[in-house]
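Taking it in order: structure first as structure tokens, then the write-up.
The values are calculated or read from the model by the stated rules, or taken from the named source; none is laboratory data. Predicted model, so just to flag it, every value in this text is computed and none were measured. Every residue, glycine among them, receives a Cβ derived from its backbone with ideal geometry; neighbour counts consider all protein chains shown. What goes into the accessible areas is simple: the full protein's heavy atoms, side chains included, and nothing from ligands, DNA or RNA. Shrake-Rupley method; radii C 1.70, N 1.55, O 1.52, S 1.80 Å.
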Amino acid sequence: MTAASANNRQLGSTAIELAFVLPLMLLILWAIVTFSSLLHARVVVARAAEDAARSISFLTGANRVEEIDPALLSPCSAANQISVTCEVIASLERSHLILTDSTASRFDTIKDITTVVATPNECDANGNALGIKVQIPFDSLRILPPISIPALNFNDWMPSNVTACAVVAF
């Protein structure tokens, strides 16, 4: 056996090893990117809920939940620029969330996908407190598309929504 033929066989085994290892490496890379984007989205949504709770404490001089102006808890609109929902949307707009829908403006996209609920019964708020719950569908924030492997079923592991709560105590 010559040294050249042994070297050629070694090159073929390297290609086969790469064929076995590359799909696993790509799957690990996909998992790292997907879970890190989920973690980032959770942090950003939690920050938006906290900003909304902070804005309630600054915008109202209320000492009780009943004293809060109902307009402050209404949806964001051109007529009502000062509300909890507007604060959540502004906080999300300032963040570095990557949105998959780029046809509309960033503000309109965030406004369309964000759900904000502010009631005394949200987020385990009890007594003289107001709970603020912010929710965004994770599919609108995905960087990479979901992988469909029937044996592993990754879609069951990922949440469909990113949700965060904040509570304002009076």
- Message: For Cα pairs less than 8 Å apart in space and 6+ apart in sequence, what is the mean separation divided by the residue count of the stretch 13-108, i.e. the relative contact order in percent?
- Response: 24
- Query: Considering amide H positions built from the backbone, and no H for Pro or chain starts, which residues 5 or more places from residue 162, or on another chain, come under 5 Å of its amide H?
  - Reply: 136, 138
- Query: Which of the peptides 63-74, 156-167 is most tightly packed, and how do the rest follow, judged by the mean count of other Cβ atoms within 10 Å per residue?
  - Reply: 156-167, 63-74
- Taking springs between alpha-carbon atoms closer than 10 angstrom, which of 151, 104, 49 fluctuates most in the Gaussian network model of the chain? 151
- Protection-proxy order for peptides 25-35, 89-99, each taking the mean of Cβ atoms within 10 Å per residue, highest first: 89-99, 25-35
- Message: Taking Rg/Rh (Cα atoms, Kirkwood Rh) straight from the coordinates, which label in [x] 1.13; [y] 1.27; [z] 1.02 is the correct one?
- Response: [y]
- Message: Once neighbouring chains are kept in place and the probe is 1.4 Å, which whole percent of the accessible area of the stretch 17-158 is contributed by carbon and sulfur?
- Response: 60
- Cα axis of helix 3-59 to longest principal axis of the chain: angle in degrees, 0 to 90, nearest 10? 0
